[in-house]
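The values are calculated or read from the model by the stated rules, or taken from the named source; none is laboratory data. What you are looking at is a predicted structure, and each value in this text was computed from that prediction instead of being measured. For neighbour counting, all protein chains shown are included, and Cβ atoms are generated from backbone atoms with ideal geometry for every residue, glycine included.
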Amino acid sequence: MDFKLSEEHLMIQQAARDFAQTELLPGVIERDEKQQFPAEQIKKMGELGFMGMMVSPEYGGSGLDTVSYVLAMEEISKIDASASVVMSVNNSLVCWGLEKFGNEEQKLKYLPRLASGEIIGAFCLSEPEAGSDATSQRTTALDKGDHYLVNGTKNWITNGGTADVFLVIAQTYPEKGHHGINALIMEKGMPGFEVGPKENKLGIRGSDTHSLMFTDVKVPKENRIGEDGFGFKFAMKTLSGGRIGIASQALGIASGAYELAKKYSKERKAFGTEICNHQAIAFKLADMYTEIEAARLLIMKAARDKDNGDNYDLSSAVAKVYASKVAMDVTVEAVQIHGGYGFVKEYHVERLMRDAKITQIYEGTSEIQKIVISRSILRD
Ligand code: CAA
Ligand code: FAD
C-alpha cells in the first residue's frame with residue numbers, strides 16, 4: 001500500500017493551498033460576518049479548474065481523480081468552508097451526477113459552463129418534511145406528456161440564490177414510493193420557480209442557502225435524468241460521492257484549526273513558558289494530530305475506492321461520520337488553546353468551530369451515516 005502522493009497530486013494540493021492563502025484568506029472574516037457570497041473567488045476557482053475537477057476534458061473539466069479533488073477540498077476548507085461547500089456541491093453532486101447519469105445533450109448543454117464556473121449548480125433533495133427521511137418527497141412532478149408539472153418546496157438549498165442549474169428530486173408516481181421519484185434539471189427563471197429568502201446561519205455564512213418554491217413549473221421531458229423513476233437512486237448514488245467531498249471539508253476545517261492552534265501554542269506564554277510546554281496543551285495537540293491523520297486516511301480510502309471503481313457507499317459514510325466528528329472535536333480544542341483570543345473573530349478558530357457543525361448535518365446527518373454503515377456491515 002502506497003501512502004505517498006504523486007507529483008501531480010502534490011502540485012494540485014499546492015495550487016489549492018496557494019489559491020486559498022492569496023484569494024480566500026483576505027476578506028474571509030468579513031464575508032462570514034456580512035454573509036457575503038464569495039462570487040469573485042468562485043469565478044477564479046472556476047478559471048483554475050476547481051469547479052469541475054472530475055469532469056472529463058471533453059465536457060470542459062479538469063479530468064482529475066477523486067484523490068485530487070479531496071486534496072483541493074481540504075486546502076480550500078482550511079481557509080474558507082463557505083467557498084468549499086459551493087465547490088463541493090458543484091463538483092460532486094451537480095457535475096458528477098450529470099456526467100454519470102445525464103444523456104449526451106444534457107452533458108453538452110450544462111457541463112462546460114458548470115465546470116468553468118461560468119454558472120453554478122444546486123442539488124435539491126431536502127424539503128421541509130423530508131430531510132433525513134428523503135424518500136418522503138412531497139414535491140410532485142406530474143407527467144403531462146411532453147413535460148412535467150412541478151409543484152412543491154425544497155429547503156436548505158446550497159447555492160439556492162446564485163445557481164443557474166438545479167437538479168430537483170420530485171415524486172411522479174406516489175403509489176410507487178421511492179421507485180416513482182424522478183430527478184429533473186431546472187433552470188433559474190423558469191416560470192413558477194421562486195427563490196425564498198436567504199437563511200441566516202451559524203456557520204458557512206458566506207454560502208448561500210435558500211428555500212425554493214415551485215408553482216406549476218413546466219419542465220420539459222428531455223430534462224429528466226435517467227430512466228423514469230430513477231430519481232431516488234440518482235440522489236443516493238450521487239450523495240455517496242458527495243459525502244467524500246463533505247468529509248474532506250470537515251478534514252480541512254479540522255486541519256486549519258489545528259495548524260492555527262499549534263502555531264499559537266508556540267508563541268503564547270503563560271507561567272514563564274510557551275503554552276505548548278504545558279503537557280495538557282501538548283497532549284491536546286497530539287490528540288488533534290492523531291484524529292486528523294485517521295480522518296485523512298479514511299477519506300483517502302473512500303476516494304481510492306471511488307477511483308478504483310469499487311463500491312464506496314460504506315467507505316464514504318465512514319469517512320464522513322468520522323471526519324465531521326473530528327472537525328467538531330478539533331475546532332473546540334483549538335478555541336480552548338487560544339483562550340480568550342479564540343473567542344474573537346480575528347483568530348479564525350471561532351469561525352472554524354461554527355463552520356464545523358454543519359458537516360455533521362448536511363449530506364446525511366451523522367445518525368443517517370450510522371444507519372448506512374450499520375445496514376452495510378450487518379448485511380455483509
Ligand atoms: N445507491 C443506490 N441505491 C441506494 C443507495 C445507494 N447508495 N442507498 C439507498 N439506495 C436505494 C435502496 O436500495 C432502496 O432501493 P430498493 O428498494 O430498490 O432496494 C432505496 O434507495 C431506498 O433505500 P432504503 O430502503 O434504505 O430507504 P430508507 O428510507 O430506509 O433510508 C436513507 C434511506 C439512507 C436514510 C436515505 O433517505 C438518506 O440517505 N437520507 C439522508 C438524505 C441526505 O443525505 N440528504 C442530503 C441532501 S443534499 C445536501 O445536504 C447538500 C449539502 O448540504 C451541501
Ligand atoms: P431531520 O431529518 O428532521 O433530523 C432531525 C434529527 O433527527 C437529526 O439529528 C437526525 O439525525 C435525526 N434523525 C432523523 N431520522 C433519524 C433516524 N431514522 N434515526 C436516528 N436519528 C434520526 N439539502 C439539499 O437537498 N441540498 C442542499 O444543497 C442542502 N444544503 C444544506 C445547507 C445547509 C446549511 C443546511 C443546514 C442543510 C442543507 N441541506 C441541503 C439539508 C440537509 O441535508 C438536511 O438538513 C439534513 O439531511 C437533515 O434533514 P433535516 O434538517 O430535515 O433534519
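For region 218-228, does any single residue satisfy the condition of being of a type in the set (Gly, Ala, Ser), over 29 Å from residue 357 (Cβ atoms), touching a residue at least 40 places away in the same chain (Cβ under 8 Å) and within 16 Å of ligand 2 (Cβ to nearest atom)? Within region 218-228, not a single residue is of a type in the set (Gly, Ala, Ser), over 29 Å from residue 357 (Cβ atoms), touching a residue at least 40 places away in the same chain (Cβ under 8 Å) and within 16 Å of ligand 2 (Cβ to nearest atom). Being modelled with pLDDT of 95 or more, in contact with a helix residue (DSSP H, G or I) (Cβ under 6 Å, 6 or more places away or on another chain) and at negative phi is not true of residue 157. Test residue 359 against the stated conditions and say whether it is among the polar types (S, T, N, Q), more than 16 Å from ligand 2 (Cβ to nearest atom) and within 19 Å of residue 295 (Cα to Cα). In short, no. Test residue 17 against the stated conditions and say whether it is among the basic types (Lys, Arg), in a helix (DSSP H, G or I) and farther than 26 Å from residue 307 by Cα. Answer is no for this residue.
Across region 229-249, the qualifying residues are those that are under 15 Å from residue 171 (Cα atoms) and away from ligand 2 (no atom under 16 Å from the Cβ), and the one among them that is nearest to the chain's Cα centre (by Cα) is 230. All of 344, 321 fail the test of being touching a residue at least 24 places away in the same chain (Cβ under 8 Å) and away from ligand 1 (no atom under 11 Å from the Cβ), apart from 321. If we scan region 273-295, do we find a residue that is out of contact with any Ser or Thr (no Cβ under 6 Å at 6 or more places or on another chain) and assigned to a loop (DSSP other than H, G, I, E, B)? For region 273-295, residues out of contact with any Ser or Thr (no Cβ under 6 Å at 6 or more places or on another chain) and assigned to a loop (DSSP other than H, G, I, E, B): present. In region 332-356, the qualifying residues are those that are of a type in the set (D, E, K, R) and within 16 Å of ligand 2 (Cβ to nearest atom), and the one that is nearest to residue 252 (Cα to Cα) is 355. Filtered by the rule that a residue be part of a helix (DSSP H, G or I), surrounded by fewer than 24 Cβ atoms within 10 Å (Cβ to Cβ) and either small (Gly, Ala, Ser) or within 12 Å of ligand 1 (Cβ to nearest atom) (or both), region 201-233 gives 232, 233. Suppose the filter is at pLDDT 95 or above and surrounded by 15 or more Cβ atoms within 10 Å (Cβ to Cβ); does residue 177 pass it? So residue 177 does not fit the description; no.
Evaluating residue 50 against the criteria (1) surrounded by 24 or more Cβ atoms within 10 Å (Cβ to Cβ); (2) assigned to a helix (DSSP H, G or I) leaves one unmet condition, (2). Residue count for region 106-135, restricted to those that are more than 16 Å from ligand 1 (Cβ to nearest atom) and assigned to a helix (DSSP H, G or I): 9.
Search region 240-252 for residues being among the hydrophobic types (A, V, I, L, M, F, W, C) and within 9 Å of residue 92 (Cβ to Cβ), and hand back the single one that is farthest from ligand 1 (Cβ to nearest atom).
244
For residue 30, the conditions (1) away from ligand 1 (no atom under 16 Å from the Cβ); (2) crowded, with 24+ Cβ neighbours inside 10 Å all hold with the exception of (2).
State yes or no: is residue 237 basic (Lys, Arg), under 30 Å from residue 136 (Cα atoms) and surrounded by fewer than 24 Cβ atoms within 10 Å (Cβ to Cβ)? It is true that residue 237 is basic (Lys, Arg), under 30 Å from residue 136 (Cα atoms) and surrounded by fewer than 24 Cβ atoms within 10 Å (Cβ to Cβ).
For region 328-380, what are the residues that are assigned to a helix (DSSP H, G or I), surrounded by fewer than 20 Cβ atoms within 10 Å (Cβ to Cβ) and acidic (Asp, Glu)? Those that are assigned to a helix (DSSP H, G or I), surrounded by fewer than 20 Cβ atoms within 10 Å (Cβ to Cβ) and acidic (Asp, Glu): 329, 346, 367.
Filtering region 136-164 to residues that are within 15 Å of ligand 1 (Cβ to nearest atom) and closer than 21 Å to residue 106 by Cα leaves 159, 160, 162, 163. For residue 304, the conditions (1) within 16 Å of ligand 1 (Cβ to nearest atom); (2) part of a helix (DSSP H, G or I); (3) of a type in the set (D, E, K, R) all hold with the exception of (1).
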